[in-house]
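None of the figures in this text is laboratory data; all of them are computed from the coordinates on show. No experiment lies behind these values; they were computed from the predicted model shown. Backbone-built Cβ (ideal geometry, glycine too); neighbour counts: all protein chains shown.
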Amino acid sequence: MKSKLVKTSLFALGLVLTQVATPAFATYSCWGKLDELGMGSGNVPGVHIRLNTTGLVWVVCKMNEDANCRALYSLLLSAQSSPNRPNVGLFFADDGKTCATKGDWVVAKPYYTVVTDDY
């Protein structure tokens, strides 16, 4: 019961955090388990992730530039520290790229993020 509540809460938090001032749709999504989660240093620290499906590192938000970045980092940290390591889905607008061609160490800000083990 507690596990289901945590999953539902993480899912809801992910949707709420990333829906502010963004369209309700995305053209593609990238799914996988978090292999890496970190935060840079300096004046504008960025939150970076690496999914096990792509092997690429993406900066998903920057702390001083995005009001929701702290909450997104918290969501991703919860997913990474979960015993079952749920899948993370990042939903992107059409930028002419795919999950495999986004590039390494690039800013890849998703429209919204979902954490679930049901995918």
**Message:** Quick check: net charge around Y111, other residues with Cβ under 13 Å of its Cβ, Lys/Arg +1 and Asp/Glu -1?
**Reply:** -2
**Prompt:** What net charge is computed for the residues neighbouring G38, neighbours being all others with C-beta under 15 Å from the C-beta of G38, Lys and Arg scored +1, Asp and Glu -1?
**Reply:** 0
**Residues in region 56-80 reached by a label modelled at V107 [backbone nitrogen below 19 Å; 7 Å Cα→Cβ]** = 57-73
**Linear extension gain, L77 paired with K97, 0.36 nm per residue minus alpha-carbon span** = 4.6 nm
**Request:** Please compute the net charge surrounding C69, taking Lys and Arg as +1 and Asp and Glu as -1 over other residues with Cβ under 11 Å from its Cβ.
**Result:** +1
**Asked** With the Cα gyration tensor of region 60-119 giving a ≥ b ≥ c as the square roots of its eigenvalues, does the rule (a/c under 1.5 for rounded; else a/b larger than b/c for prolate; else oblate) give rounded, prolate or oblate?
**Response** oblate
**Asked** In sequence order, what are the phi-derived ³J(HN,Hα) couplings for region 100-114 according to the Karplus relation 6.51 cos²θ - 1.76 cosθ + 1.60 with θ = phi - 60°, rounded to whole Hz, with x for glycine and proline?
**Response** 6, 10, 5, x, 9, 6, 10, 6, 10, 7, x, 5, 8, 10, 10
